[in-house]
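The values are calculated or read from the model by the stated rules, or taken from the named source; none is laboratory data. What you are looking at is a predicted structure, and each value in this text was computed from that prediction instead of being measured. Neighbour counts are summed over all protein chains in view; Cβ atoms, including those assigned to glycine, are modelled from backbone coordinates with ideal geometry. What goes into the accessible areas is simple: the full protein's heavy atoms, side chains included, and nothing from ligands, DNA or RNA. Shrake-Rupley method; radii C 1.70, N 1.55, O 1.52, S 1.80 Å.
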Amino acid sequence: MSGSFSGRPADPGLFGDRPLEDLTFAIVGLGLIGGSYAKALRNLRVKRILGADISHGIAHACLNANMIDDIAEPGGASLSEADVVIFCIYPGAVEAFVRAHRQDFRPGMLLTDATGVKGQLPVAIQAMLPAGCEFLSGHPMAGRQGSGLGMSDAAIFRNANYILVPTDKNTPAAVAWMQAFARALGCARTVSVSMEEHDRIIAYTSDLPHITAVSLVNSSSYNENTRYFIAGGFRDATRVADINPELWSDLFLANRDNVLAEIEKLQKQLDRWHQAVAGKDREALKAILKEAGPRRRQLY
C-alpha cells in the first residue's frame with residue numbers, strides 16, 4: 001500500500017497537504033483491532049506509531065515486533081506528539097481515558113475510535129476537548145473470529161466498510177480526511193450516519209448475528225458427535241460464536257434497547273417458522289424462503 005491518499009479533497013483543511021508519511025499516529029488499545037491498525041499503518045509507512053495498552057506486556061510485545069515505534073506512557077512518549085489518536089478500547093473506557101489524559105490533546109489533533117456502540121459518546125468526548133481538537137467517531141466493519149493481539153491482521157480492512165458518525169462539532173475537512181484514510185487502509189466504502197442510526201442498525205447486523213451464533217452453539221442439541229455432522233451452513237452460522245465475553249457483554253448492554261428490539265423481531269420470525277412447520281403448511285414455508293432469497297442477493 002502507498003502512504004499517499006488517493007482522491008485527496010480539494011480543500012486540504014485538516015493537516016494541510018501533509019501525506020500519511022508525515023503524520024504520527026497513536027493507538028490506544030492493542031488488541032485485535034488496535035493491532036490491526038498498527039500493522040496497516042506500518043504498511044502505509046506513516047511517520048511514527050505510538051501505542052498504549054493497559055497491559056505493559058502487550059505494549060512491549062508490539063514494540064519488540066516493530067508494530068509500534070514507542071510506548072505512550074509516563075516517562076515515555078506522550079500522546080500529545082500524535083496528529084491522530086485511534087481508540088481501540090471498550091466503549092465504556094474511552095470517556096474515562098480522554099478525561100484522564102485531557103492535557104495530552106491539543107488543537108489540530110484528530111481523535112477517532114473503533115467502538116461497536118456509540119450512545120452519546122461522540123458528544124461527551126467532544127465536550128472535553130479544547131477548541132480545534134476534533135473527535136470523529138468511526139467503526140470499521142472489519143472484525144474477525146477470535147480476539148487479542150495475536151489475531152490482528154492489516155488485511156481485515158481490505159474491502160471492508162468504514163462507518164463514520166459525525167456530529168455538528170465535526171468539520172467537513174475532518175470527515176473528508178477520515179474518508180480518505182479509510183480508503184488508504186483498503187476499505188471499499190465509507191458511510192456517514194447519526195449516533196442513533198448507527199446503534200440501531202448495528203443491533204441488527206452485528207449484535208443479533210453474534211447472539212444467534214452463540215445460541216446455536218449453546219443449544220442442548222450440542223454434543224460430542226456434533227462435529228461429524230457439520231457442513232457449510234452450521235460452520236458459517238456459528239463463525240462468530242467464539243468472541244470476547246468481556247467486550248461483547250459490554251456492547252450488548254450498552255445497546256440494550258436496540259438489542260432487545262432485534263431479539264423480539266427474530267422471535268417473530270421463529271414464530272412464523274414454528275407455525276408453518278407445526279401446521280405442515282408447505283406454502284407458508286415456501287413464502288418464507290422466497291422472501292429471503294432476493295434480500296440476501298441484494299446485500300452482495
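Results, tabulated for the structure shown:
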{"read-out": "Some residue of the stretch 273-285 being under 25 Å from the mean Cα position of the chain (by Cα) and among the charged types (D, E, K, R)", "value": "no"}
{"read-out": "Residues of the stretch 117-159 classified as modelled with pLDDT of 95 or more, surrounded by 18 or more Cβ atoms within 10 Å (Cβ to Cβ), part of a loop (DSSP other than H, G, I, E, B) and under 14 Å from the mean Cα position of the chain (by Cα), total", "value": "3"}
{"read-out": "Answer from I211, I201, I156 - the residue that is in contact (Cβ under 8 Å) with a residue 40 or more places away in the chain and more than 21 Å from Y37 (Cβ to Cβ)", "value": "I211"}
{"read-out": "Matching residues, the stretch 220-233, being open to solvent by 70 Å² or more (accessible area, probe 1.4 Å) and outside any loop (DSSP other than H, G, I, E, B)", "value": "R227, Y228, F229"}
{"read-out": "Some residue of the stretch 266-279 being β-branched (V, I, T) and in a helix (DSSP H, G or I)", "value": "yes"}
{"read-out": "Candidate set from the stretch 38-73 (those that are under 21 Å from F15 (Cβ atoms) and in contact with a Gly (Cβ under 6 Å, 6 or more places away or on another chain)); member that is surrounded by the most Cβ atoms within 10 Å (Cβ to Cβ)", "value": "I68"}
{"read-out": "Some residue of the stretch 74-90 being open to solvent by 10 Å² or more (accessible area, probe 1.4 Å), over 25 Å from K47 (Cβ atoms) and either among the β-branched types (V, I, T) or touching a strand residue (DSSP E or B) at 6+ places or on another chain (Cβ under 8 Å) (or both)", "value": "no"}
